[in-house]
Amino acid sequence: MKNKPILIVAGEPNSIFSEIFLKIISKKKFISPIILIASLDLFKRQMKFLNFNVKLNLIKSNDLNKIKLNNKNIYIINIKYNHLKIFDKISGHSNLYIKKCFDVAFKILKNKITNKFINGPVNKKYFLKKKYFGITEYLSNKFNIKNNAMLIFNKELAVCPLTTHLPLKLVPKNINKKIIKKKIILINNFYKKIIGFKPRLAITGLNPHCESIDKFDEDEKIIKPTVKYLQKKNININGPLSADTIFVKKNRANYDVIVGMYHDQVLTPIKTIYEYDAINITVGLPFLRVSPDHGPNENMIGLNSSNPLSLKRALEFLDNK
């Protein structure tokens with residue numbers, strides 16, 4: 001699939017996406033053709049405002065089987081959007097537009113024109129309206145995928161939260177042996193198939209220091225026996241390990257992936273260590289879905305000072321697949 005195009009949904013129109021995308025495209029060439037799904041008029045206006053000059057070739061999604069794409073052009077599939085300003089405050093006004101962009105992308109992916117997909121930042125509060133925990137779950141639902149994993153990936157170390165955007169009080173209720181087994185096996189297989197090697201995995205405990213004064217100790221009753229089960233299945237995994245020390249340099253050096261029990265338990269340290277040098281991969285989909293590991297950043301739109309590294313890494317990751 002190396003010559004297949006990278007399909008990109010621009011996401012929230014009032015975000016830093018156009019800026020970081022243009023910063024990358026204006027300086028770097030990729031092997032794979034790039035197809036952007038966005039409002040052509042708005043993107044051109046944002047490009048002029050940000051002082052970039054990138055040629056966009058307009059194409060129609062229904063013609064993709066007839067067109068011979070190359071990496072010399074940036075292709076765009078136009079989705080009409082009634083925008084009031086070049087950059088505006090994020091609101092529900094863009095919801096239908098974003099949905100239409102995703103719908104076009106889903107059709108292209110289902111037709112197997114490509115298996116490489118990136119979505120720009122989306123405001124979960126407005127777009128998902130509490131129907132899904134995040135875009136990971138939104139995409140999984142659209143492709144009828146029950147088992148998925150959010151992998152925040154850097155080539156040196158990746159993390160996966162067992163639960164994603166759950167309130168903390170709901171985390172213990174959503175941790176069980178079955179979920180742990182499914183996520184670990186999924187990640188292990190992804191690394192072997194896509195990354196190219198068998199990963200060294202660690203899993204944290206739920207409680208501080210993997211200790212609990214409660215009558216039911218999740219670390220002893222759920223996590224520890226599940227780790228033993230997975231080890232017998234020839235998966236290279238250790239745990240439960242204390243979350244407050246696993247990310248110490250000499251400890252994390254022993255692992256390729258650290259699986260945590262909840263979102264901030266592993267995302268806070270990985271973002272502190274690598275900042276923008278990480279990408280969000282949804283494991284388990286019938287295609288490779290990657291996104292930059294940050295949100296729309298409404299406070300930075302139009303300032304031309306956002307760091308494009310995470311989107312660059314996303315493009316580089318898919319360009320080599």
Report task. Output the number of the condition that ILE98 fails; it satisfies all remaining conditions of (1) within 19 Å of ILE16 (Cβ to Cβ); (2) over 21 Å from the mean Cα position of the chain (by Cα); (3) at pLDDT 95 or above. Result -> (2)
Query raised in the report: Where residues in region 80-94 are surrounded by 10 or more Cβ atoms within 10 Å (Cβ to Cβ) and among the aliphatic types (A, V, I, L, M), which of them is nearest to the chain's Cα centre (by Cα)?
Result: ILE90
**Report entry** Residue satisfying all of: in region 174-207; part of a helix (DSSP H, G or I) and touching a helix residue (DSSP H, G or I) at 6+ places or on another chain (Cβ under 8 Å); surrounded by the most Cβ atoms within 10 Å (Cβ to Cβ) among these
**Finding:** ILE184
Query raised in the report: When you look at ILE235, is it at pLDDT 95 or above, surrounded by fewer than 20 Cβ atoms within 10 Å (Cβ to Cβ) and outside any helix (DSSP H, G or I), yes or no?
Result: yes
Query raised in the report: Which of the residues belonging to region 264-281 are crowded, with 17+ Cβ neighbours inside 10 Å and either aliphatic (A, V, I, L, M) or within 16 Å of THR164 (Cβ to Cβ) (or both)?
Result: GLN265, VAL266, LEU267, ILE270, LYS271, ALA278, ILE279, ASN280, ILE281
Query raised in the report: Are any residues in region 32-72 exposed (fewer than 11 other Cβ atoms within 10 Å of the Cβ) and either within 23 Å of the chain's Cα centre (by Cα) or part of a strand (DSSP E or B) (or both), and if so, which ones?
Result: LEU58
**Report entry** region 212-227 - residue that is assigned to a loop (DSSP other than H, G, I, E, B) and hydrophobic (A, V, I, L, M, F, W, C) and, of those, surrounded by the fewest Cβ atoms within 10 Å (Cβ to Cβ)
**Finding:** ILE213
Requested in this report: Filter region 267-302 down to the residues that are among the β-branched types (Val, Ile, Thr) and either modelled with pLDDT under 95 or touching a helix residue (DSSP H, G or I) at 6+ places or on another chain (Cβ under 6 Å) (or both), then identify the one that is nearest to LYS4 (Cα to Cα).
Outcome: VAL290
Report summary line: Within region 73-100, the residues that are out of contact with any Asp or Glu (no Cβ under 7 Å at 6 or more places or on another chain), in a helix (DSSP H, G or I) and either of a type in the set (A, V, I, L, M) or under 16 Å from ILE113 (Cα atoms) (or both) are LEU96
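The values are calculated or read from the model by the stated rules, or taken from the named source; none is laboratory data. None of these values were measured; they are calculated from a predicted model. Backbone-built Cβ (ideal geometry, glycine too); neighbour counts: all protein chains shown.
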